Amino acid sequence: MKTGSEVAADAAPLVGIVMGSRSDWETMQHAAARLELLGVPHEVRVVSAHRTPDALFEYAASAKSRGLRAIIAGAGGAAHLPGMLAAKTLVPVLGVPVQSKALNGMDSLLSIVQMPAGIPVATFAIGNAGAANAALFATAMLAAEHPAIGAALEAFRQKQTDDVAANDDPRK
Ligand code: RP5
């Protein structure tokens, strides 16, 4: 039997993870790791709103027809990538504010979360937790239609619960 990550690698991607720079991978790898663990087929790309705007438009415009059901977009600073993607596709965009050096990610958070009414971007916490939770949220979005993914998510949540119960004395 194939492992979750083997299934995820073989199948057509359901989730796209995109980021504005290779430097965002340190954060966004936490999204990829969760999707891999849960057997969610996904792809990973660097697509910059200001350095490769044409690639950004092409990525968003083709996302739905390529079968993507969610796009997790991470960016830092003047983080317009998630909003620009959302402007060009109906595929739900989950924004991850990358922790910037200058302002610790407050700039990224406000850039992503403060979308004017009409083009929504679901916004997650700054940094690694946001990347991980965006992946778990995308997984939950897929769970109803993909029973194997739903079962993997349930098992993940149960293990988390069990781990707390098995280690409930912080002195040990
Ligand atoms: C944004 O600028 C990227 O998302 C990244 O977080 C930030 C810095 O990019 P680099 O200068 O590291 O390429 O576009």
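The values are calculated or read from the model by the stated rules, or taken from the named source; none is laboratory data. Remember, it's a predicted structure, so these values are computed and weren't measured experimentally. Glycine gets a Cβ as well: all are built from the backbone with ideal geometry, and neighbour counts include every protein chain shown.
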### Task
Those residues that are buried (at least 17 other Cβ atoms within 10 Å of the Cβ), free of Cβ contacts under 8 Å to residues at least 60 places away in the same chain and not in a helix (DSSP H, G or I), I need them from segment 124-140; list them, please.
Phe124, Ile126
### Query
Could you say whether any residue in segment 95-109 is more than 15 Å from the ligand (Cβ to nearest atom) and in contact with a strand residue (DSSP E or B) (Cβ under 8 Å, 6 or more places away or on another chain)?
no
### Query
Here are some residues: Ala63, Ala75. Which one is buried (at least 21 other Cβ atoms within 10 Å of the Cβ), modelled with pLDDT of 95 or more and more than 14 Å from the ligand (Cβ to nearest atom)?
Ala63
### Message
Here's a check for you: in segment 45-60, which residue that is of a type in the set (A, V, I, L, M, F, W, C) and crowded, with 18+ Cβ neighbours inside 10 Å is farthest from the ligand (Cβ to nearest atom)?
### Response
Ala60
### Message
Looking at segment 112-120, can you tell me whether even one residue there is under 16 Å from Val15 (Cα atoms), buried (at least 18 other Cβ atoms within 10 Å of the Cβ) and β-branched (Val, Ile, Thr)?
### Response
no
### Query
Within the set of pairs 6+ apart or on separate chains, which have a first residue in segment 41-54 that is in contact (Cβ under 8 Å) with a residue 24 or more places away in the chain, a second that is more than 7 Å from the ligand (Cβ to nearest atom) and assigned to a loop (DSSP other than H, G, I, E, B), and C-beta atoms under 6 Å apart?
Pro41/Ala11; Pro41/Pro13; Pro41/Leu14; His42/Pro13; Glu43/Pro13; Ala49/His80
### Summary
Out of (1) assigned to a helix (DSSP H, G or I); (2) surrounded by 13 or more Cβ atoms within 10 Å (Cβ to Cβ), the one Gln158 does not meet is (2)
### Message
Looking only at segment 49-102, count every residue that is under 23 Å from Ala12 (Cα atoms) and either among the aromatic types (Phe, Trp, Tyr) or in a loop (DSSP other than H, G, I, E, B) (or both) and tell me the total.
### Response
13
## Note on the structure
Listed by first then second residue, the pairs whose first member lies in segment 12-29 and is part of a loop (DSSP other than H, G, I, E, B), whose partner is near the ligand (Cβ under 10 Å from one of its atoms) and of a type in the set (S, T, N, Q), with beta carbons under 8 Å and at least 6 positions apart or on separate chains, are Gly20/Ser48; Ser21/Ser48
### Query
Across segment 114-128, which residue is farthest from the ligand (Cβ to nearest atom) among those that are out of contact with any His (no Cβ under 7 Å at 6 or more places or on another chain) and closer than 16 Å to Met19 by Cα?
Ala122
